[in-house]
Amino acid sequence: MDKKKQEHTGNKPKQQSTMEKKKKKQHQQNENHKSKSIHDTLPLELIHRILLRVPLRHLVRLKCVSKLWHSLISDPGFAESHVHLSAAPTHVCLLINDYSKACSVDIDTIFHGYKHATAVKEVSLPFKMKKHYDFEVMCSCRGFVLLHRAPHFFVVWNPVTGSSKIVSYSHIVSRSHRKWCLFPRSAILYGFGYDASQDDYLVVVASRDKNGQDHFDCLSLRTNSWINLNSALPKPLGVRNWESCGFFLNGAIHWSSCTLGVKDYSILIFDLKEKSFSTIFMPEQVMCYLKPTRLALLGGCLALYSYEYGKTNIWVMKEYKVHSSWTFYQISRGECVPLCLSNGSDIVALDPAPISTYTDLRFVEYNARGELRRINYFDYPHLQHFKYSSHGLSNSGTNYTVYTESLVSLPSDIKDKDRDKGQEEEKRPSESEGCQTGKEN
C-alpha cells in the first residue's frame, strides 16, 4: 500500500510537467496566431479586390492600417479601378454661399443613421486670395469639381485628395464685348468631362465675342493648353436656346434645350473623343410643360425634371440614347431638385420649402412611386448663412453641384508623382555603399 502511494505521488511532478508543456505550447500557438497579419491569411490579390469595393469614406482610414495598404490605396491604378468597381459610391453635395463660404453634405449618410456632424462640414476652397475672392460652382466629373474664381480663372479640384489646378481664360475675356466677363453666367455653354481615349480632362466653353461671333474653346488639362473648336459648333447655336451648364456621361457632355425653338425640345451632346455635336429628343410629353425642363443625372442615367401644379415631374432615360427607354416619375411636391439615387431607386432631392428659422437647406428622399420616405434638414450654426434657390444660384450667391467622391488624380499630377518616384529610385543606388547609378551624362 505504501509502495503504491509513493509511486502515485512520484508521478505527480511528471503530470504537472506535461500539463505545463501543453499550456505553454497552446499559449505559443495563440501568440503565433495573434502575430499573424491579414497578409499572412489572405492573398494580396484578394485584399486588393476587397478594397476596391470599400466605400471611399472608409478607404481613407484604411490607409493607416499598414504601409502595404497605404501603398495599394495610394496607387493611381487603384484609384482608377475604384471609380468603376466601388459597390457604394459616395455622393456629396458641395454648396458655396456668398461666393466664398463652402459646405459639403454627404448625401449617402444623412438618411442612414449617421450623426449630422459627420455628414455636414465646412470645407476650405483652393487658391483663395488674401483680400477678396469670389468662387462659384460650375459642374463636376469623376470626383473633380470645376469652380470659377474671379476675375477669370477656372479651378479644377478634388475635395478628397486636395489635388487642384488653376487655369486662366483671359483669352476669352479679351475678345468679349464686356471688360468684366461674368462666367459662368455669360457663357452660352460650359461643361467638364473626361476623354478616356486620351486620359485627359477637358473643360469646354461656348461664348460670343463683341462682334457677335460664336466661339467654342476646349481646355486640355493633360497639355494645359486651349484648343479652338469653332468649326464643331452647330449653326446657329443661339444665345438662349440651351441651359448653359452641361452634365458629363458616357464620354460626352449634355445640355438641355430651354426653348421650343430648338427642334421641339432636345438634348445637345458633345462627344469628347470625336469632338463633334449631336442631339437626342426629349419625351414628347415634355413639350406640354409650361415651365422649363432641366437636366440632371440619376443613377448613371440622363434625367429631366420640370415643375407643374405643385409637383415635380421627372423623366429618366434608362438606356442611353434609346428614346423608348424614357421612364416617368412624379414627386408630390413642387420645386424639388433631384440630386442622385439612394439604394439604387430612391430619389434624393433638395427641397427649398423652409421648415426652420435657422436654415432653408433641406434634403428629402422619395421612393420610385413618388412617396415621401424621409426628410432631413440642418440647423447648425455654421449653416445659418446658407440660402438655397431651386435654380442653383440665388441673389445671395449660393450655388451647388453633386459629385461622386474619388481618389483619382489629374494626368499632370500622376506624371509629377512618377517623375518624383523615378528620381528617388535613381538616388537610392548612389546612397548605397559600392553602388553607382546607371545614368549617363
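The values are calculated or read from the model by the stated rules, or taken from the named source; none is laboratory data. Owing to the predicted nature of the structure, the values given are computational and were not obtained by experimental measurement. In this analysis, Cβ positions are derived from the backbone assuming ideal geometry, glycine residues included, and neighbour counts consider all displayed protein chains. Accessible surface is based on the protein model in full, side chains and every heavy atom, while ligands, DNA and RNA are left aside. Shrake-Rupley method; radii C 1.70, N 1.55, O 1.52, S 1.80 Å.
General remarks:
- Summarising the amide proton neighbourhood of W242: residues at separation of 5 or more, or on other chains, whose placed amide H is nearer than 5 Å comprise C258.
- Solvent exposure of region 44-87 amounts to 59 Å² per residue of accessible area, where only protein heavy atoms count and the probe is 1.4 Å.
- Interchain or long-range residues, amide H under 5 Å from L302's placed H: M317
- Reciprocal of mean inverse Cα separation for region 44-87 (Kirkwood radius, Å): 10.2
- The slack in the chain from S124 to A368, taken as 0.36 nm per residue of separation less the alpha-carbon distance, amounts to 84.2 nm.
- For region 273-280, Karplus couplings with θ = phi - 60° (6.51, -1.76, 1.60), whole Hz, Gly/Pro x: 7, 7, 6, 9, 9, 8, 9, 10
- Scanning residues 5 or more positions from C340 or on other chains, those with amide H under 5 Å from its amide H are V348, with H placed 1.01 Å from N in the peptide plane.
- Backbone HN-Hα couplings from phi across region 247-256 [Karplus 6.51/-1.76/1.60, Hz, Gly and Pro as x]: 10, 8, 7, 6, x, 9, 10, 10, 10, 9
- Oblate is the label for region 207-279, because the ratio a/c of its alpha-carbon gyration tensor axes (a ≥ b ≥ c) is 1.5 or higher and a/b is not greater than b/c.
- Computed E for E319/K210 - FRET, C-beta separation, R0 35 angstrom, nearest 0.05: 0.20
- By a 1.4 Å probe calculation restricted to protein chains, L42 has an accessible surface near 50 Å², given to the nearest 10.
- Alpha-carbon centroids, region 42-105 and region 152-225: separation in whole Å: 28
- For region 222-238, 3J(HN,Hα) per residue [Karplus equation, 6.51 cos²θ - 1.76 cosθ + 1.60, θ = phi - 60°, Hz, x = Gly/Pro]: 6, 9, 6, 9, 9, 10, 8, 10, 4, 5, 7, 5, x, 10, x, 7, x
- Once the chain from L85 to K291 is taken as fully extended at 0.36 nm per residue, the excess over their C-alpha distance is 70.3 nm.
- Inter-probe distance in nm under a simple model that places probes 7 Å from Cα toward Cβ, at S71 and L182: 5.5
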